[in-house]
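Have a look at the structure below, then the notes.
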Amino acid sequence: MFKKISVIILIFLISFSTLAIADEWSTSSSKDEMTNEEKWFAYSPDTTTNNPMGFPYSDTQAWLGVGTDGDNEWVYIGFTKQPNIKNTTPTNDGYSTFTTRVKWNDDITNMDFTQEWGSDFVHFVEDKKAINKIMQNNKVLIEIDWYGEDKVYFEFTLEGSAEAIKKIREETN
């Protein structure tokens, strides 16, 4: 009987620890087969909007990420469906810019973003500032003025982000 209870407790603990890991940041890399150049990424777990969006965006998920090639670092939000953002300013260089509210823990600030036309990603303009905020906070809430939806909010956990960012920096040095 004691062995059965021990096994059940062990299975529960392993399952619980696996779930806890899924709620933290992860890392990955990609390698250009032609140049052998490597890029490393630290990224949050996927999230959805705080309130469901309607069709065709109802199942849209997003993740917050930091990338590096050893020389440069960048911060982005990836989406499973191309974001249709209102109130952007198009440029002649193939991308649009927009400013929106970002809440780091309890501190609300306006930040600038870019989106290449047709892309599933938006990028922070001030990468260094964003990385510092990611590493120093527990969560971030980003407001996006989404066409047909008004304002939508994506909340990302930042738990484990500092460790993941340190890891990708070590891998590229």
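Observations
- Residue in the stretch 126-135 that is in a strand (DSSP E or B), within 15 Å of residue 66 (Cβ to Cβ) and either at pLDDT 95 or above or not acidic (Asp, Glu) (or both) present: no
- Residue match in the stretch 49-61 (condition: among the polar types (S, T, N, Q), in contact (Cβ under 8 Å) with a residue 24 or more places away in the chain and surrounded by fewer than 18 Cβ atoms within 10 Å (Cβ to Cβ)): yes
The values are calculated or read from the model by the stated rules, or taken from the named source; none is laboratory data. Quick caveat: nothing in here was measured; it's all calculated off a predicted structure. Counting neighbours? That spans all protein chains shown, and the Cβs are built from the backbone with ideal geometry, glycine included.
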